[in-house]
Ligand code: HEM
Ligand code: HEM
């Protein structure tokens, strides 16, 4: 499979970045700690927080690499579908990209301006900076963290609906080795 995409499939780099991002977002969400700042920043929670912040920071850099690569990559054409569905799908993708930026950005600004340094991968800490709006940004971060999971869940359900019910190539465009259900190969693969 080639690094770049084609008219009917994302390339291997776009696929790898997509699935790695999805995995890291899911783990960052699962290890996220809520509650009062005294608990979030307690010594007992330090290793979980380091993991959460490091994963989230990795998501941010994967987004940067992915968007730069997207400028040069061939993005597959949408298979035939009603206009509203095409618009809903594009809007969801760009909302997910916006959240992949906003979730780590609000987290880092919230921590810094809430009086906490941010330590990533156990390397040196950055911040904190003086400011008063850290707490509200941290709350916004938690809410956006929930929203990205809900939206990604809806997006995944839509992809599976395309594959199983509409039987078009939407899911196979992003999954390595998955045949397009509307192609001859897909039909042969069915029992
Ligand atoms: C895509 C990546 C991320 C996701 C999905 C995510 C998700 C979440 C969620 C859902 C919460 C709230 C937990 C709750 O209230 O039950 C939270 C809290 C938190 N996250 Fe993240 N996060 C991500 C990235 C980051 C990054 C990059 C940092 C680095 C600073 C970070 C730092 C924090 C902190 C400090 C809290 C506690 C906030 C507070 O209540 O004071 N997160 N995160
Ligand atoms: C946190 C989790 C996820 C995020 C943030 C995410 C984000 C995105 C984004 C931004 C795109 C647009 C790619 C582009 O054209 O530049 C995309 C495409 C896609 N995603 Fe996800 N995704 C996630 C999880 C999933 C899951 C779990 C599935 C399937 C079960 C999935 C299936 C797809 C498919 C099939 C496409 C291609 C859609 C098309 O060509 O119209 N994604 N995803």
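Here are a few things to note about the model shown:
- Just one of the listed residues (76, 82) is touching a strand residue (DSSP E or B) at 6+ places or on another chain (Cβ under 8 Å) and within 30 Å of residue 168 (Cα to Cα), namely 76.
- Subset of region 69-84 (residues that are assigned to a helix (DSSP H, G or I) and either surrounded by 15 or more Cβ atoms within 10 Å (Cβ to Cβ) or within 10 Å of ligand 2 (Cβ to nearest atom) (or both)): 69, 70
- Residue 102 being within 18 Å of residue 22 (Cα to Cα), away from ligand 1 (no atom under 13 Å from the Cβ), crowded, with 16+ Cβ neighbours inside 10 Å and at pLDDT 90 or above: no
- Restricting region 170-180 to residues that are in contact with a helix residue (DSSP H, G or I) (Cβ under 8 Å, 6 or more places away or on another chain) and not in a helix (DSSP H, G or I), the residue that is nearest to ligand 2 (Cβ to nearest atom): 175
- Residues that are in contact (Cβ under 8 Å) with a residue 24 or more places away in the chain and assigned to a helix (DSSP H, G or I), drawn from region 1-18: 12, 13, 14, 15, 17, 18
- Scanning region 1-31 for residues that are more than 15 Å from the chain's Cα centre (by Cα) and within 20 Å of residue 143 (Cα to Cα) yields one hit, 31.
- Out of 114, 122, 134, one residue alone is under 19 Å from residue 27 (Cβ atoms) and over 20 Å from the mean Cα position of the chain (by Cα). It is 122.
- Scanning region 125-145 for residues that are over 16 Å from residue 49 (Cβ atoms) and part of a loop (DSSP other than H, G, I, E, B) gives 129, 130, 131, 132, 133.
- The C-beta contact set for region 72-94 (first residue at negative phi, second residue exposed (fewer than 11 other Cβ atoms within 10 Å of the Cβ) and not in a helix (DSSP H, G or I), distance under 8 angstrom, 6+ apart or interchain) comprises 74/7; 76/7; 77/7.
- From the options 147, 160, 126, residue that is away from ligand 2 (no atom under 12 Å from the Cβ) and either closer than 30 Å to residue 35 by Cβ or without any contact (Cβ under 8 Å) to a residue 60 or more places away in the chain (or both): 126
- Qualifying residue in region 155-171 (condition: surrounded by fewer than 19 Cβ atoms within 10 Å (Cβ to Cβ) and within 16 Å of ligand 1 (Cβ to nearest atom)): yes
- For region 35-50, a residue qualifies if it is in a loop (DSSP other than H, G, I, E, B) and surrounded by 11 or more Cβ atoms within 10 Å (Cβ to Cβ), and the qualifying residues are 41, 42.
- Scanning region 130-144 for residues that are touching a helix residue (DSSP H, G or I) at 6+ places or on another chain (Cβ under 7 Å) and under 30 Å from residue 77 (Cα atoms) turns up at least one hit.
The values are calculated or read from the model by the stated rules, or taken from the named source; none is laboratory data. These figures come from a predicted structure and were not determined experimentally. As a convention, Cβ positions derive from the backbone with ideal geometry for all residues, glycine included, and neighbour counts pool all protein chains shown.
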